[in-house]
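A.B. asks: What follows is a single structure, and I will ask about it in a moment.
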Amino acid sequence: MRIAADILQALILILGAPLVRGIIARLKSRLQRRRGASIWRPYGEILKLFRKENLVAPTSSAVFRLAPVLLFSSMVSVAAFVPVVHASALLRSGGDFFLFVYLLAFGRFFLSLGALDGGSAFGGMGASREALVSSLAEAPFLLSLAAVAILASRADIAGIVAWTLQQSVFNISAVHILAFTSLAMVTVAETGRMPVDNPTTHLELTMIHEGMVLEYSGPSLALIEWSSAIKLHSMLALLIALFCPWGMAYRVSVWQLLLALAVYCAKVTFLAILVSVIESSMAKLRMYLVPDFLGVASAVGALAVIFTALAKR
Amino acid sequence: MNLVGIATGKVLSSFSVFLFLTILLLAVARRISTSILLFSLQSAVIAAEVLATAFQQKLPEAYVVGILVLLIKVIAIPSAFFVLTRRLKTVRDVKASTTPTQSVFIVAAMIYLSYGAVHSYGQAVHVPDDALAAAVSLILTGAFLMVSRKKALMQMLGLLVLENGIFLAALITTFGMPLVIEIGIFFDILIGLLLMGIFAFRISDTFEHLDVSRMRRLRG
Amino acid sequence: MLIRLAGAAFIFLITALGGLVPLILIIGRAKVARRLAIVLILAANTAGCLVAVFSFLQEPAPRLVLHWVTPFYFSLAADRLSAFFLLLVCAVAVPVTIFAVPYFDLHRSEQRRRWIWAFFSLFLFSMIVVVTASSGFAFLAGWELMTLVSAALILIEGDSPERRHNVFIYLLMMHVGAAAVAACFFLFLPYSHGLDFEAIRAAGASMPGGIRTMVFLSAFVGFGAKAGIIPLHLWLPRAHPIAPSPVSALMSGIMLKTAVYGFIRFAFDFLGGGPWWAGYVVLLVAAVTGLLGILYAIAEHDLKRLLAYSSIENIGIIFLGLGTSLIFLTHGAALGAALALIGALLHAFNHALFKSLLFLGAGTISTSTHSVDLNELGGLQRRMPFTGVAVLVGCCSIAGLPLFNGFISEWLIFRSFLAGSSLVGTKAQIILPLMVGILALIGGLAAACFVKTFGVAFLGRPRSARAERAEEAPFGMRVGMWLLGAGCVFIGILPGFVLRPLVSLVQVLVPGAGVPEETLSIARIIPWIAAIVIGTSAVAVLIKRRERITRTWACGLPELSSRMQYTSTVFSKPIRFIFAQVYRPDRKVERLPSDQPYFPVSVSYRSVRTTSYERALYRPFVESVVSLAHRLRRLQTGNIQVYLLYVFLALVSLLALLRFER
C-alpha cells in the first residue's frame, strides 16, 4: 500500500507539472492585465508537439537526439525523491539530497551538450551562461540542504520530512529560515525564472534556458518542456516538504491521503502566486549580477550551516 | 496558559532570529528607504522583547521603556529620516563599497565572531547565548554600516543600529536599568540626531552632495 | 598452495617488467622481439592484477616478501594497502598498453619504438616497486627511477629548448620532493633499527611529538610535490602535456596516485594520524588546490593542459577526503575516518580510470587531427563515434554525474563532511559541513569545464580543415579506451563490488572502525536509479520516431559558418570574468599605426596568463637562490692553496668538535 502511495506521489509530480506551469502563466497574465491562456494549455502544447516530427540539423550527432531523452529520465528519477502527501518517497532509504542535486546536474549536463551540438551560436551562448549559473548555484543548493539535514541528523529527504513533521509549527528556527531563503534563491536560478532568466522570451540578450533548446522541435521539444516543468514542480514540492510539511498524512489511508493532497494543492497554489508576483514585479538581473545573487545565496546557506553548530536550532 | 502568555514565550525565545534576519537584510539593502524600514523593524522587535519581558517578569517600568522604544525608535526617528531624505533630495542608492556577496560574508563572519565572544560570558551570567550574540552582532553591524556605506545618512543609520545593539546588550545583562538612565540615553540620541540633521543640511547646501567619500578636503 | 602461485606471479611481474622486457628490447632487433616484449608486459600486468585481487580475498592479508640483501636492504611486500594500489597500477596499465601499441606504431620510427617500449616497461616497473616496497631503500629507489624514466620518455618524444626547460623544471621539483621524502625516512633512523617498514611502524608508535610533526610535514611536502598540490604543482602542467599520450595517461593516472599512496602510508600507517592540526592544514591546502586547479582548467583551450590542471583538481578532492579522515582520527571517531578514507581511496582509483581514459582520448584526437587545440576541433562525434562515446563516458565520470564512478567517491566524501557535524567541538562542526559548499563549487565548475571540453571538441561543426578530415581510431586504441570506460560505468552502477574490499582495507588502516552505513546504502540505491533512468530512456526513445534532416534553425539566420559557433575560449569567458582575481592575465592591445587610434590598419591582442603565485612566490624565491649561489661562487677561487686551506680548516674544526664533545 505504501509503495502504491509512493508511485502515486511520483505520478502527481510528473503529470501535474504542466498544470503548475499553466497556473503560474495565467496568474502572470492576470497581473499584467491580460486574460491569459487556460491553465490546461501546457498539456495541449506538449501533446501537440508529440504529434509533430523532429527536425534535426545535418551536423548533429546522436548526442543531440539523446539529450532530451536523458534529461527527461533524470527528471523522472528526481521526482521519485520528493514526498508530497506522506513522509515517504519511492527512493527512500539512501535517497539523499546529494543524489537529488546531482541527478538534476546529470540532466543539465546532457542538455548543455545537446545545445552545443546544434551547431549555432545560440546553443553555445545558452550553454555557456547556463554553465556559469549552474556551477555557482550548486554550492548554496547543497549548503542549505546540508544545514537542514544536520538539524534532522539524517540525509535522506523523506527522513528529513518525517523529522520536520514531528517539530511544532511555532518553533521558529533560524537555520530553517536561512536555509529556506537560500533554497528559494537557488530554485529561482535553477528553474530559470525571473530575475535570473526569462522563461517566456526568445531574445538572445535575455535567454539562458531558452537559448539551449532553440534547435529542438517536435517530440524532443515536448520532452524538454515537460522536463523543465517537472523540475519546477519538484523544487516547489521540495520547498514545501522540507519547510512546511504539516498537513501530510500520518497513515496510509485513502481519506488521509486525499486530505493531504488537497492541502498540498493549496500550498502549491500559494507558492505559484508568490512566484508569479515576484516574476511580474522584478526586472531580470544583468548577466554579471547573477553571480552576485547566487553569492548572497551561498553566504546565507553558509550562515545556515554555521547556525546549526552555534544555535543548534 | 492564555494566548498572551504563549505569545510572550515565543517572542522571548525567537526574537534573536528576527534580529539576525534584519542584520542580513541590512547588509544587502540597496536603497536608503529600505534600510530605514529595516531599522524600524529592528527596533520593533526590540520593543516587543522589552514588552514581553515586562509581562513575564512583571516590571511596570519596563512597560514604560517598551512604549518609549516604540514611540521614539519605531515611529519618530524613522519618520524624521524619511522627511530628511525627501527634503535633501538625495539619490536613493546606498552607495556601498562592498558587493552584496562580500557584505553578507562579512556579516556572517561577524555573527560567528559574536557567538564565539559571548559564549563564556553568557554561561557565567545565565543569559541565553542567542540574545547576547544578537546584541553584539548589532553593534558590529552598525560599525560595519558606518564604515562601508558612503552616504552620510547611512552613517547616521549605522550609529543608530549600533545604539540599538548597546541598548539590547544592557537590557539583557542587567534587566532593570533604572528608568532615569534609559530616558537619559533616549534624550542623548535625540539631541545627537538633531545635530546630525542640522549638519546634514549644511553639508548638503555647501557641497551639493552627501557622499562622504568625496569630502576629503580636510586632508593635510 | 595458492600463496605459492601468487608468489610466483609476483616474482614474474617484477622480473618481467624490470629485467626481461628491457633486455629483450635492447638485444633483439627483429619486430618479433617487440611483439614478445608487449605480450610480456600485458601478461605481467595481468599477473599483477591477479596478485592484488588474491591479496584482498585472503583473510588475513598475506605478505609476499622478496628480499635480497644487496648493499642496502631491498624488500617488497604486498599487504592490503599495497595490493590496492598494485591493482590500480596494473588494471590501468593493461588498457593503456593496448592503446599504446597502435599509437606508437603510428608515431615513431622502429628504432625509437624499441627504446620507448623499454622505458615504458621500466616506468611500470618503478611504479610497482614504489607501491609494493617494504623497505626504505626499495621505496626511494623506485621513486627516483619513476622520475628519471618518465623524464626520459618525455625527452624521447622530441627535443627542443622549450621541452628541455620544462623537463628541467620537472626534474628539479621532483628532486626537491624526493629530498623531503628521503628526510621522512631518515627521521625515523634514530628510533628504529633499520628502514624496514615493520621497524618503522613499530618506531612510529613511540616517537616524541616534535619528530612526528616534522615527519608529517616533510611527508606532506614531499608527497604533495609529487602529487601536485598547490603551490608545488608548477611542474604538472608543464610535464604532462608534452609527454606522449599513453605516458601522460600513466603519469596522470598512476604516478600521482603513488604519491597519494606514500602519504597514506606515512600519515595513517606509520604515524597513526599526525598532530591535531594536521587534518585542518591538509583540508585547507586541498580546498585551495581543488578550486584553483579547476579554475585554471576551465581557462585552458589546450586539451592536454586542461587535463593536467584537472588532475590537480582531483588530487585536491582526494586530499580533501584524507584531511577529513585525519580530523576524524584526532577526534577518535573511527567510523567517520573510515568513511572519508574510503572516499579518498575510491576517488584515487576512479581518477586513475577516467583520467587515463581522457588522456588516451586526447591521444586519439591528436592522432586523427594532429591538433589538441580545442578551438580547432569540432564535429568529431560524427567522424569518430566510438572514440566519442568513450570520451563522453570519461567526461561524465570526471564531472561526477550519477551512474558513473566519479559520483560514488565524491558522494562518499560529501557524506563524510556531513558526518563531521556530529563531532565534538564547534570548529570541526562548522568547518567540515562548510566544506560541502567548497566541494560543491569544485564539482559544479568541473561539470562546466567538461561540458565545454566534450561539446567544443566533439559536437557541432568542425572548426578547421584538420577536424574535417578526422578519421576513426585504429582498433587497438578503441579497445583500450573502451576497457577503461567499461570500468567507469561498472563502478558507477554496481559500486558494491569495489566498496566491500575497500571497507576491509580501511579497517586495517583505521583500527576499530566498523562498516560505514553509507557504503551499503549507496550500493543499494544506485542500481535502482540506473534502472529508472535507463528504463525511462528506453521508453522515451521508442516514442520519438519520425525525424527530418533540415538546416539548423538559429532563429532563421541564412548562412551559418563554423566560425559562428562558440569556441572554448568564449565558452569559459563568463566564468573567467567572475573569477578575474584568480587569473589576472597580462593583456596587451596594440593598434597600428599608433598615431591614428580610430583608424587602425591592424589591431593585435595578446593575453598571457602567468599564474599569480608564480610571480609572487616562485620568482623571488628562484632569484634569491640564484643570488645566493652567485655569492657562494666566491668560495671557488681557483687557487690550489686556498683549497688546501679549506681541507686544513675542516680538519681543525673536526678536532675542535671532538674536543668540545668530550
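A.B. asks: About its Cα centre, how strong a charge dipole does the protein assembly as shown have in debye, to the nearest 20, once Lys and Arg get +1 and Asp and Glu get -1 at the Cβ?
C.D. replies: 2120 debye
A.B. asks: Working from the pairwise distances between different alpha carbons, so that the mean of 1/r is found and then inverted, what is the range C:533-662's Kirkwood radius in Å?
C.D. replies: Final number for the Kirkwood radius of the range C:533-662 is 24.4 Å.
A.B. asks: Let me ask another. For the range C:77-168, rounded, prolate or oblate, judged on the Cα gyration tensor with a ≥ b ≥ c (square roots of eigenvalues), a/c < 1.5 rounded, else prolate if a/b > b/c?
C.D. replies: Cα axes put the range C:77-168 in the oblate bin.
A.B. asks: Could you check how many percent of all C-alpha pairs in the range A:124-230 are farther apart than 24 Å?
C.D. replies: 40 percent
A.B. asks: Would you mind ranking A:Arg286, C:Arg114 by Cβ crowding within 10 Å, fewest neighbours first?
C.D. replies: By the 10 Å Cβ count, ascending: A:Arg286, C:Arg114.
A.B. asks: Counting other Cβ atoms within 10 Å, which trypsin sites (Lys or Arg not before Pro) in the range A:1-104 have at most 16 and lie in a DSSP loop?
C.D. replies: A:Arg33, A:Arg34, A:Arg35, A:Lys52
A.B. asks: OK, next. What shape does chain C take by its C-alpha gyration tensor, where a ≥ b ≥ c are the square roots of the eigenvalues and a/c under 1.5 counts as rounded, a/b above b/c as prolate, and the rest as oblate?
C.D. replies: It comes out rounded by the Cα gyration axes.
A.B. asks: Are any of the pairs A:Lys284/C:Lys588; A:Lys231/A:Lys267; A:Lys48/A:Lys284; A:Lys28/C:Lys573; C:Lys452/C:Lys588; B:Lys73/B:Lys151 more than 23 Å apart by Cα-Cα distance, and if so, which?
C.D. replies: Correct reply: A:Lys284/C:Lys588; A:Lys48/A:Lys284; A:Lys28/C:Lys573; C:Lys452/C:Lys588.
A.B. asks: Still on this structure, please answer the following. Per residue, how big is the convex hull of the range C:617-661 when only Cα atoms are used? Give it in Å³.
C.D. replies: Here the figure is 87 Å³ per residue.
A.B. asks: With only alpha-carbon atoms in the gyration tensor, what are the semi-axes of the equivalent ellipsoid for the range C:496-605, in Å, largest first?
C.D. replies: Value: 53, 33, 9 Å, ordered largest first.
A.B. asks: Another question, if that's okay. What is the ratio of the Cα radius of gyration of the range A:252-294 to 2.2 N^0.38 Å, with N the residue count, to two decimals?
C.D. replies: With N residues counted in the range A:252-294, Rg over 2.2 N^0.38 Å equals 1.88.
A.B. asks: Taking the Cα atoms of the range C:297-445, report the difference between the largest and smallest coordinate on each principal axis, in whole Å and largest first.
C.D. replies: In descending order, the Cα extents are 57, 25, 19 Å.
A.B. asks: Using the C-alpha gyration tensor of the range A:124-176, what are the square roots of 5 times its eigenvalues, in whole angstrom, with the largest one first?
C.D. replies: 32, 11, 9
A.B. asks: Ok, one more. Can you show me the helix-derived [θ] at 222 nm for chain C, built from DSSP H runs with n ≥ 4 at -39,500 (n - 2.57) apiece and divided by the number of residues, rounded to the nearest 500.
C.D. replies: -23000 deg cm²/dmol
A.B. asks: Now a separate question. So for the range A:1-72, what percent of the C-alpha to C-alpha distances run longer than 19 Å?
C.D. replies: For the range A:1-72, the fraction of Cα-Cα distances above 19 Å is 59 percent.
A.B. asks: Still on this structure: When only C-alpha pairs under 8 Å and at least 6 residues apart count, what is the relative contact order of the range B:3-213, in percent?
C.D. replies: In percent, rounded to a whole number, it is 20.
A.B. asks: Show that you can apply the helix-only estimate: for chain A, add -39,500 (n - 2.57) for every DSSP H stretch of four or more residues, divide by all residues, and state [θ] at 222 nm to the nearest 500.
C.D. replies: -23500 deg cm²/dmol
A.B. asks: What fraction of the Cα pairs in the protein assembly as shown, stated in percent, has a spacing above 56 angstrom?
C.D. replies: 24 percent
A.B. asks: Additional query: In Å and on Cα atoms, what radius of gyration and Dmax does the range B:3-213 show?
C.D. replies: Over the range B:3-213's Cα set, Rg and Dmax evaluate to 17.4, 56 Å.
A.B. asks: How about B:Lys89: which aspartates and glutamates have a C-alpha closer than 14 Å to its C-alpha, ignoring those fewer than 8 places off in the same chain?
C.D. replies: B:Lys89 reaches B:Asp205, B:Glu208, B:Asp211.
A.B. asks: Name the shape class, rounded, prolate or oblate, that the alpha-carbon gyration tensor gives for the range B:49-154, where a ≥ b ≥ c are the square roots of its eigenvalues, rounded holds for a/c under 1.5, and otherwise prolate holds if a/b is larger than b/c and oblate otherwise.
C.D. replies: It comes out oblate by the Cα gyration axes.
A.B. asks: Only Lys, Arg, Asp and Glu count, each charged at its Cβ (+1, +1, -1, -1), so figure out the dipole size of the range A:2-312 about its Cα centre, rounded to 20 debye.
C.D. replies: 940 debye
A.B. asks: Counting only residues 5 or more places away or on other chains, whose amide H sits under 5 Å from the amide H of C:Phe74 once H atoms are built in the peptide plane?
C.D. replies: Residues meeting the criterion, in which the H sits 1.01 Å from N, are C:Trp68.
A.B. asks: Give the angle, between 0 and 90 degrees and rounded to the nearest 10, that separates the Cα long axis of helix A:62-79 from the longest principal axis of the Cα atoms of chain A.
C.D. replies: 20 degrees
A.B. asks: Another question, if that's okay. Taking the number of other C-beta atoms within 10 Å as the exposure measure, put C:Phe223, B:Phe20 in order starting with the fewest.
C.D. replies: Listing C:Phe223, B:Phe20 from fewest to most nearby Cβ atoms yields B:Phe20, C:Phe223.
A.B. asks: What lysines does C:Lys31 reach when the alpha-carbon gap must be under 25 Å and sequence neighbours fewer than 8 apart in one chain are set aside?
C.D. replies: Those lysines meeting the cut-off do not exist here.
A.B. asks: If you take the C-alpha gyration tensor of the range C:75-119, multiply each eigenvalue by 5 and take the square root, what semi-axes do you get, largest first, in whole Å?
C.D. replies: 30, 13, 4
A.B. asks: If you look at just the Cα atoms of the range C:524-585, how large are its Rg and its Dmax in Å?
C.D. replies: 20.6, 52
A.B. asks: Can you tell me what the convex hull of the Cα atoms of chain A projects to on average, as an area in nm²?
C.D. replies: If you wrap the Cα atoms of chain A in a convex hull and average its projections, you get 15.9 nm².
A.B. asks: So which lysines can C:Lys427 reach, going by Cα to Cα under 16 Å and dropping same-chain residues fewer than 8 places off?
C.D. replies: A:Lys312
Read-outs: derived from the displayed coordinates by stated rules, not from any lab. This is a predicted model, so every value here is computed, not measured. Note that we place each Cβ from the backbone using ideal geometry, even for glycine, and neighbour counts take in every protein chain shown.
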